[in-house]
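Only one structure is covered here, and it is reproduced in the block below.
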Amino acid sequence: MTKTPHAVVTGGSGFVGSHLIDALISDGYQVTSLDNFGSGRPANISHINSDRFISIEHDVREPLPDLEAVDYVFHLASRASPEDFESHAVEIALTNSQGTHNVLSYAHDHDAIVILASTSEIYGNPEEHPQHEEYNGNVNIRGPRAPYDESKRFSEALGVAYQQQYNIDIRTVRIFNTYGPRMRPDDGRVIPNFLSQALRGDDLTVYGDGTQTRSFCYIDDLVEGIRAVANAPQSAMAGEVVNLGSTEEIKIEDLAEVIIEVVNPDCGVVYQDLPTDDPELRRPDISRAGELLGWSPKIPLSAGIKKTIPYFKTEIDAKSFVGND
Ligand SMILES: NC(=O)c1ccc[n+]([C@@H]2O[C@H](COP(=O)([O-])OP(=O)(O)OC[C@H]3O[C@@H](n4cnc5c(N)ncnc54)[C@H](O)[C@@H]3O)[C@@H](O)[C@H]2O)c1
């Protein structure tokens, strides 16, 4: 009889983590979520009704709890909203340094495979477009995004250090903007902002002139990519880094128009100053993920937005009900 693989997911009650756990449970894994519920929510995992799942409240800045044999650690814990980059700067910086150290030494002790969540933010305001994994980025090390961007860069570098010194199997995914149900409406990221504003009948706030671009990946496609990374043979993925994201690039002003058209044509757009160091262009080169994993995203932006609206509608309606109570 083959043993049930045990996966620890840090940040498991967050947006990406909770969807990943759904997939791992359906794949037959035993899953332990470790989360401090800082930006994640118990409601994201409350639907999971499986004796192969447990959730432990734990902050990864502290050494990880003693658990039975662990085969995989998916390290997703880290606040990811630009709203938090200044207000939770030290927490973020330590989560991606001390926290990553705790995760990697734990994986080393368990001889577990690590899937390390990095980000397109490590490319900063890129001078190369699209961004290939070999591009080293253009990050302002003293800017307001630095606690996130630089700590994620350090997190990757610590992965390289563990790989070099202890030869553990670390697979790094550089995640580009991803969206879908279970993001917090007040998360501060652009799709939650726009959907919340449109559903409330407010004008949509575009920062800068709206010509900056992003490429938005629907959560199911991202989870497929992370799964493919975890399932790939050691010979293909150990020590590798891959971009995961959509190549469907769109100007932020055009995204606002798409959401207005789909959700509420009565809404307009208001412009505010662009935050410091906001990247002008963002699109992944995903050829490496294609070659190594045969992965590419399948869900077009318009379809993904439509799949996301009902969740935000429920969230906004629940909030306005509480507000009127
Ligand atoms: N969603 C995206 O577009 C995107 C893009 C790039 C990278 N990422 C990366 O993916 C991961 C998940 O992001 P998300 O979008 O799901 O954000 P999220 O905020 O929804 O999830 C992060 C989770 O980590 C938990 N967490 C934060 N600090 C912790 C700590 N010190 N100890 C334990 N738990 C902690 C939070 O409570 C939350 O549940 C992050 O590492 C993020 O950097 C996400």
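Observations on the model:
- Summed residue charge, Cβ within 15 Å of Pro147's Cβ, Lys/Arg positive, Asp/Glu negative: -2
- DSSP-loop trypsin sites (Lys or Arg not before Pro) across the range 132-173, with at most 13 other Cβ within 10 angstrom: Arg142
- Applied to the range 207-212, the Karplus parametrisation 6.51 cos²θ - 1.76 cosθ + 1.60 on θ = phi - 60° returns per-residue 3J(HN,Hα) values of 8, x, 8, x, 8, 5 Hz, with x for Gly and Pro.
- Percent of C-alpha pairs per 10 Å bin, the chain, short to long: 6, 27, 36, 23, 7, 1, 0
- Between the Cα long axis of helix 252-263 and the first principal axis of the chain there is an angle of about 80°, rounded to the nearest 10.
- Top of Ile56, Ile309, Ile175 by mean-square fluctuation, Gaussian network on the chain, Cα under 10 Å: Ile56
- Per-residue HN-Hα couplings for the range 129-136 [Karplus 6.51, -1.76, 1.60; θ = phi - 60°; Hz; x = Gly/Pro]: 8, x, 8, 9, 4, 6, 6, 8
- 5 angstrom amide H check on Thr119, placed H, neighbours 5+ away: Ile175
- Under a 5 Å amide H cut-off, with hydrogens placed 1.01 Å from N, Gln131 pairs with Arg283, Asp285 among residues at least 5 apart or on other chains.
- Cα-based helix-to-principal-axis angle, 219-231 vs the chain, degrees rounded to 10: 20
- The range 172-255, relative contact order in percent, only Cα pairs under 8 angstrom and at least six apart counted: 46
- The lysine pair count for the chain, using Cα distances under 26 Å and pairs eight or more places apart or on different chains, is 10.
- Residue-count net charge about Ile45 - beta-carbon cut-off 15 Å; Lys, Arg +1, Asp, Glu -1: 0
- Gain on full stretching of the segment that runs from Ala303 to Ile141 - 0.36 nm per residue minus C-alpha separation: 54.6 nm
- Principal-axis tilt of helix 146-166 within the chain, Cα atoms, nearest 10 degrees: 20
- Inter-site label distance for Ser296 and His108 at 7 Å from Cα along Cβ, in nm: 4.0
- Charge tally in the Cβ shell below 10 Å around Pro130, where Lys, Arg are +1 and Asp, Glu are -1, Pro130 excluded: -1
- Using just its DSSP H runs of length 4 or more, each adding -39500 (n - 2.57), the chain gives a mean residue ellipticity at 222 nm of -12000 deg cm²/dmol after division by all residues.
- The H on the amide N of Cys217, modeled in the peptide plane, is under 5 Å from the matching H of Thr178, Tyr179, Ser246, each at least 5 residues off or on a different chain.
- Scattering profile of the range 1-57 at q = 0.14, 0.27, 0.29, 0.30 Å⁻¹ [log10 I(q)/I(0), Debye over alpha-carbon scatterers]: -0.31, -1.07, -1.23, -1.31
- Residue separation of Asp278 and Asp202 scaled by 0.36 nm, minus their Cα-Cα distance, works out to 25.0 nm of gained length.
- Those chymotrypsin sites (Phe, Trp or Tyr not before Pro) in the range 1-63 that DSSP places in a loop and that have at most 14 other beta carbons within 10 Å: Phe37
- Of all stretches in the chain that contain no GluC sites (Glu not before Pro) in a DSSP loop with at most 10 other Cβ atoms within 10 Å, the longest one is 135-325.
Only the coordinates and a few stated rules stand behind these numbers; no lab work does. Quantities reported herein were computed from a predicted structural model and do not represent experimental measurements. Methodologically, a virtual Cβ is constructed for each residue, glycine included, from the backbone with ideal geometry; neighbour enumeration extends over all protein chains shown.
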